[in-house]
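Quick notes on the structure that follows.
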């Protein structure tokens, strides 16, 4: 029996149910194995902007998982110096208490900042191995921040094992100075039963959409590039763009749509439950993701599973996911390039079955099996 303690600052809770659903789903898949016992520690950083989190239970059963939610004092900026150390200081007595009842073998940190450096400190204090998973922005953004980047590289060098969501991200980790022999590519999984092709015309009609439909999903931040999608739609007469997600750029994006005269064709749905995403992606003619950097974006694979081709940039693991003509197109990060690619896919849409075939290798069963192999190998090497 492999006993795993999953450490994640990106784990859903009652106040933020859509936070880190990809971490939640991976954890549920691993915990479902008969040869695994697992508990989750999801630390909660409290400051004035996070008052809704004050009332969260410090230990609860969440979708069948035992989830501990210890509190640590957080500054408003996640990048504040000492964040990982504060988390480790707050968590160490909690983990010691957990270990008296649940003798976990390994700490599985699910993001590089601040989870990775915190896991490094905790594992050292407890004398057990630890692993860190890199997902994209934790390396591309946090990995180059002054002070923080040093902590991330140190944690990567000390970790007993490392995971990267794409081969491209693995190369970036090596470039920062992390040991290549300890980094394993671990592709995301998707629920192929939930994300499926549907009759597109009927699905669009249910949404009240006439004509071509484009969907983009993700936090409304510059890195996700929704402004590029809005500028592109100006060149696509009669097309509707749906934006799923919330974030600090929403007001600016709404103003952009008004200034370009396309606000009647751009819909802001805000944050939506992950369960709503299959219907939206399946209804779309094209999924549009003008990201500045990614590991492998879940929404790329989820869209393809719905038979919807993707237009995105040649970043991160995009070539690993969009690896055939039917899956979509990789273009320059500019509105004209996106408009041209979308127009070509609307003119000659690939068969839904051919698009879906590109996603069928991304299963949660495979994801769980590979994670089990990785973590159990770490434990065996330290035995």
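The values are calculated or read from the model by the stated rules, or taken from the named source; none is laboratory data. What you are looking at is a predicted structure, and each value in this text was computed from that prediction instead of being measured. Heads up, the Cβs are rebuilt from the backbone with ideal geometry, glycines too, and the neighbour counts pull from every protein chain shown.
Can we say residue 57 is assigned to a loop (DSSP other than H, G, I, E, B), modelled with pLDDT of 85 or more and exposed (fewer than 14 other Cβ atoms within 10 Å of the Cβ)? Taking the combined requirement at face value, the residue does not satisfy it. So for the stretch 188-201 (the condition being under 19 Å from the mean Cα position of the chain (by Cα), assigned to a helix (DSSP H, G or I) and within 29 Å of residue 275 (Cβ to Cβ)), does at least one residue qualify? No: zero hits.
With respect to residue 235, is the statement that it is surrounded by fewer than 18 Cβ atoms within 10 Å (Cβ to Cβ), touching a helix residue (DSSP H, G or I) at 6+ places or on another chain (Cβ under 9 Å) and farther than 14 Å from residue 208 by Cα true? The answer is yes for residue 235. Taking (1) within 20 Å of the chain's Cα centre (by Cα); (2) modelled with pLDDT of 95 or more; (3) surrounded by fewer than 19 Cβ atoms within 10 Å (Cβ to Cβ) in turn, residue 107 satisfies each apart from (3). Filtering the stretch 203-225 to residues that are in a loop (DSSP other than H, G, I, E, B), under 17 Å from residue 316 (Cβ atoms) and touching a helix residue (DSSP H, G or I) at 6+ places or on another chain (Cβ under 7 Å) leaves only 218. The set of residues in the stretch 338-368 being under 25 Å from residue 3 (Cβ atoms) and in contact with a helix residue (DSSP H, G or I) (Cβ under 9 Å, 6 or more places away or on another chain) consists of 364, 365, 367, 368.
Residue-wise test of (1) in contact with a strand residue (DSSP E or B) (Cβ under 6 Å, 6 or more places away or on another chain); (2) assigned to a helix (DSSP H, G or I); (3) free of Cβ contacts under 8 Å to residues at least 60 places away in the same chain.
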position: 251; (1), (2), (3): no, yes, yes
position: 255; (1), (2), (3): no, yes, yes
position: 258; (1), (2), (3): no, yes, yes
position: 261; (1), (2), (3): no, no, yes
position: 269; (1), (2), (3): yes, no, yes
position: 282; (1), (2), (3): no, yes, no
position: 292; (1), (2), (3): no, no, no
position: 295; (1), (2), (3): no, no, no
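Screening residue 361 with (1) assigned to a helix (DSSP H, G or I); (2) more than 23 Å from residue 219 (Cβ to Cβ) gives one miss only, at (1). Scanning the stretch 163-185 for residues that are buried (at least 22 other Cβ atoms within 10 Å of the Cβ), part of a loop (DSSP other than H, G, I, E, B) and in contact with a helix residue (DSSP H, G or I) (Cβ under 6 Å, 6 or more places away or on another chain) returns 166, 178.
Could you identify the single residue in 278, 212 that is at pLDDT 95 or above and over 29 Å from residue 141 (Cβ atoms)?
Exactly one of 278, 212 is at pLDDT 95 or above and over 29 Å from residue 141 (Cβ atoms), namely 212.
Of all the criteria given as (1) within 25 Å of residue 275 (Cα to Cα); (2) part of a helix (DSSP H, G or I); (3) modelled with pLDDT under 85, the one not satisfied by residue 28 is (3).
Yes or no, residue by residue, for (1) in contact (Cβ under 8 Å) with a residue 60 or more places away in the chain; (2) part of a helix (DSSP H, G or I); (3) farther than 22 Å from residue 25 by Cα; (4) assigned by TED's automatic domain parsing to the domain that holds residue 222:
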residue: 307; (1), (2), (3), (4): yes, no, no, yes
residue: 323; (1), (2), (3), (4): no, no, yes, yes
residue: 336; (1), (2), (3), (4): yes, yes, yes, yes
residue: 340; (1), (2), (3), (4): no, yes, yes, yes
residue: 345; (1), (2), (3), (4): yes, yes, yes, yes
residue: 349; (1), (2), (3), (4): yes, no, yes, yes
residue: 367; (1), (2), (3), (4): yes, yes, no, no
residue: 371; (1), (2), (3), (4): yes, yes, no, no
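Of the residues making up the stretch 119-147, those that are modelled with pLDDT of 95 or more and under 25 Å from residue 219 (Cα atoms) are 132, 133, 134.
Note on the stretch 220-232: residues that are without any contact (Cβ under 8 Å) to a residue 60 or more places away in the chain and more than 22 Å from residue 272 (Cα to Cα) amount to 0.
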